[in-house]
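The values are calculated or read from the model by the stated rules, or taken from the named source; none is laboratory data. Quick caveat, the model's predicted, so the values are computed rather than measured. In case anyone asks, the SASA skips ligands and DNA or RNA and just uses the protein heavy atoms, side chains included. Shrake-Rupley method; radii C 1.70, N 1.55, O 1.52, S 1.80 Å.
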Amino acid sequence: MNVAVALLTTALVIVVALMAAAGAGKLARMDGATYPAALTRAAVTFAGVITLAATVAAAFATLLT
């Protein structure tokens, strides 16, 4: 059961990160950024969401132990 919850949570975080990255890339293109700049903004957003999720998970793990 715990493995299933962990896998579903991981999948949800990745989907949210991809959606945020796509939104950031789209907004960058609408703002007139070049494709490499938009891709860079999308990659930074993706990495930020993944990092935020890892930080929150570590904080919860610390609180629960």
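Answer yes or no as to whether residue 55 is among the polar types (S, T, N, Q) and over 23 Å from residue 6 (Cα atoms).
Values: among the polar types (S, T, N, Q): yes; over 23 Å from residue 6 (Cα atoms): no.
Spelling it out, it is not the case that residue 55 is among the polar types (S, T, N, Q) and over 23 Å from residue 6 (Cα atoms).
Could we say that residue 61 is assigned to a helix (DSSP H, G or I) and either open to solvent by less than 60 Å² (accessible area, probe 1.4 Å) or modelled with pLDDT of 95 or more (or both) here? Answer is yes for this residue.
For segment 5-52, residues that are open to solvent by less than 50 Å² (accessible area, probe 1.4 Å) and among the aromatic types (Phe, Trp, Tyr) total 0.
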